[in-house]
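Participant: Below you will find the structure I want to go over with you.
The values are calculated or read from the model by the stated rules, or taken from the named source; none is laboratory data. Because the structure is predicted, anything quoted here is derived from the model rather than measured. Methodologically, a virtual Cβ is constructed for each residue, glycine included, from the backbone with ideal geometry; neighbour enumeration extends over all protein chains shown.
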C-alpha cells in the first residue's frame with residue numbers, strides 16, 4: 001500500500017471546473033471558495049501527481065500534457081462518484097416524469113441524458129416529447145408535461161430558469177451563394193412555422209438592416225426545415241446544436257447578412273413544486289448544459 005496516492009474528489013472537481021469555466025477565479029466563485037484556497041488545492045494536486053498541470057497562455061490557461069491526461073481521468077472519476085452517490089441516495093425513488101425538449105437536442109443530447117438518468121434511477125420512467133418550444137410550453141401550462149428545456153423566455157404561469165445564451169447563426173447548404181443579399185435582391189428564407197424565436201430573430205435582423213426577404217418554404221417540423229435547406233431552397237436561422245452534416249453555418253459578413261442575437265436556453269416548469277424525480281432530472285439537465293456549452297455561453301460564468 002506504500003506509495004499509493006488517494007486523489008481528493010473536491011480538489012479534482014475544482015480542477016475540472018476551472019477548465020470548464022475558463023479560469024480558476026471563476027471556479028473559486030462557483031465553489032464559494034477564495035482564490036487562495038483554490039490555488040492551494042491546485043498546488044496540492046500537482047504535488048500529489050508530481051507534475052505541473054496548468055500553464056498560462058496570454059489571458060487564459062490550458063492544461064499541460066500531464067494536466068490534459070489527468071483531466072480525462074478526473075471527469076471519469078467525478079462521473080462515477082456522482083453516479084454512486086445519486087444511486088444510493090435515490091434507490092427508493094420511483095414514478096414518472098414527462099419531459100419536453102426541442103428536436104435540436106433529441107438526437108444529440110437526449111440518449112446520453114436518459115442513459116445517465118436511468119443508471120441512477122432505474123425505477124423512474126421518463127416520457128419524452130420532442131417538438132417546438134411553443135407547443136412544449138402549452139403542454140407545461142396544461143400540466144401534460146412536468147419539465148421543459150426550450151428556446152426563449154417563459155410565459156405567464158410558467159417559471160423559467162435561464163441556463164445559457166446561445167449564438168444564433170445563418171445556416172444553409174455548403175457552398176450556397178447568398179448573392180441576393182449582396183445584390184440588394186430579397187433574401188430567400190426557409191423558416192419554421194410561427195411562433196418561433198429563430199424565425200422572428202431572422203426577420204427582425206433583416207428588417208433592421210434594410211434587407212428585403214421572401215419566405216420560400218415553411219415547415220412545422222425541424223427535419224422538414226433541414227431537408228429544404230439541404231436542397232438549397234434558401235437560408236435560415238438556428239444554432240449549431242443538432243445541425244446535420246448536410247448543412248453549415250454561413251459566414252454572415254461575407255454574405256452581407258446581418259448579425260444575429262443570442263437565443264436564451266431556458267429550463268421551464270410550472271409554479272407547483274417539482275417532485276423528487278423531476279427535480280433530479282432538472283439537476284441533470286443543468287449539468288448537461290454546463291458540460292456541453294462553451295463557458296462564454298453559460299449565464300453567470302463571466
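Participant: Just a yes or no: is a residue in the range 203-224 buried (at least 16 other Cβ atoms within 10 Å of the Cβ), in contact (Cβ under 8 Å) with a residue 60 or more places away in the chain and touching a helix residue (DSSP H, G or I) at 6+ places or on another chain (Cβ under 7 Å)?
Facilitator: yes
Participant: For residues in the range 1-23 being part of a helix (DSSP H, G or I) and modelled with pLDDT under 80, which is surrounded by the fewest Cβ atoms within 10 Å (Cβ to Cβ)?
Facilitator: The first filter runs over the range 1-23 and keeps only residues part of a helix (DSSP H, G or I), leaving 9-21.
So of that shortlist, the ones also modelled with pLDDT under 80 come out as 20-21.
Values: 20: 19, 21: 21.
Filtering first and then ranking leaves 20.
Participant: Taking the range 154-164 on its own, how many of its residues are in contact (Cβ under 8 Å) with a residue 40 or more places away in the chain and either more than 15 Å from the chain's Cα centre (by Cα) or buried (at least 17 other Cβ atoms within 10 Å of the Cβ) (or both)?
Facilitator: Here is the first cut: in the range 154-164, the residues in contact (Cβ under 8 Å) with a residue 40 or more places away in the chain are 154, 157-164.
After this cut, where a residue has to be either more than 15 Å from the chain's Cα centre (by Cα) or buried (at least 17 other Cβ atoms within 10 Å of the Cβ) (or both) as well, the list is 154, 157-160, 163-164.
Total satisfying the criteria: 7.
Participant: Tell me, yes or no, whether the range 166-173 has at least one residue that is part of a loop (DSSP other than H, G, I, E, B), at pLDDT 90 or above, more than 24 Å from residue 110 (Cβ to Cβ) and in contact with a strand residue (DSSP E or B) (Cβ under 8 Å, 6 or more places away or on another chain).
Facilitator: Start the filter on the range 166-173 by keeping residues that are part of a loop (DSSP other than H, G, I, E, B), which leaves 168, 173.
Subset that is at pLDDT 90 or above: 168, 173.
From what is left, the residues that are more than 24 Å from residue 110 (Cβ to Cβ) are 173.
This time we only want the ones that are in contact with a strand residue (DSSP E or B) (Cβ under 8 Å, 6 or more places away or on another chain), so: 173.
Checking the range 166-173: at least one residue is part of a loop (DSSP other than H, G, I, E, B), at pLDDT 90 or above, more than 24 Å from residue 110 (Cβ to Cβ) and in contact with a strand residue (DSSP E or B) (Cβ under 8 Å, 6 or more places away or on another chain).
Participant: Then there's this: With respect to residue 243, determine if the residue is assigned to a helix (DSSP H, G or I) and surrounded by fewer than 20 Cβ atoms within 10 Å (Cβ to Cβ).
Facilitator: Working: assigned to a helix (DSSP H, G or I): no; surrounded by fewer than 20 Cβ atoms within 10 Å (Cβ to Cβ): yes.
Against the criterion (assigned to a helix (DSSP H, G or I) and surrounded by fewer than 20 Cβ atoms within 10 Å (Cβ to Cβ)), residue 243 does not qualify.
Participant: Checking residue 141 against (1) under 23 Å from the mean Cα position of the chain (by Cα); (2) touching a residue at least 40 places away in the same chain (Cβ under 8 Å), which single condition isn't satisfied?
Facilitator: Looking at each condition in turn, residue 141 falls short on (1).
Participant: What strands (runs of 3 or more DSSP E) completely inside the range 28-144 contain at least 2 residues that are at pLDDT 85 or above, in contact with a helix residue (DSSP H, G or I) (Cβ under 7 Å, 6 or more places away or on another chain) and under 28 Å from residue 156 (Cβ atoms)?
Facilitator: Ranges flagged: 95-101, 124-130.
Participant: Within the bounds of the range 199-214, is there any residue that is at pLDDT 85 or above and under 30 Å from residue 18 (Cα atoms)?
Facilitator: Within the range 199-214, the first condition is being at pLDDT 85 or above, and the residues that meet it are 199-214.
Narrowing the set further to residues that are under 30 Å from residue 18 (Cα atoms) leaves none.
No - not one qualifying residue is present in the range 199-214.
Participant: Identify the residue in the range 42-61 that is without any contact (Cβ under 8 Å) to a residue 40 or more places away in the chain and within 14 Å of residue 19 (Cβ to Cβ) and, among all such residues, is nearest to the chain's Cα centre (by Cα). Let's see the steps before the verdict.
Facilitator: Here is the first cut: in the range 42-61, the residues without any contact (Cβ under 8 Å) to a residue 40 or more places away in the chain are 42-47, 50-60.
Pick out the ones that are also within 14 Å of residue 19 (Cβ to Cβ) and you get 42, 45, 53-57, 60.
On the way: 42: 28, 45: 30, 53: 27, 54: 26, 55: 27, 56: 27, 57: 26, 60: 22 Å.
My answer is 60.
Participant: If I go through the range 189-202 residue by residue, how many of them are surrounded by 14 or more Cβ atoms within 10 Å (Cβ to Cβ) and assigned to a loop (DSSP other than H, G, I, E, B)? Full working, then the answer.
Facilitator: Within the range 189-202, the first condition is being surrounded by 14 or more Cβ atoms within 10 Å (Cβ to Cβ), and the residues that meet it are 189-193, 196-202.
Restricting the remaining residues to those that are assigned to a loop (DSSP other than H, G, I, E, B) gives 193, 196.
Adding up the residues that qualify gives 2.
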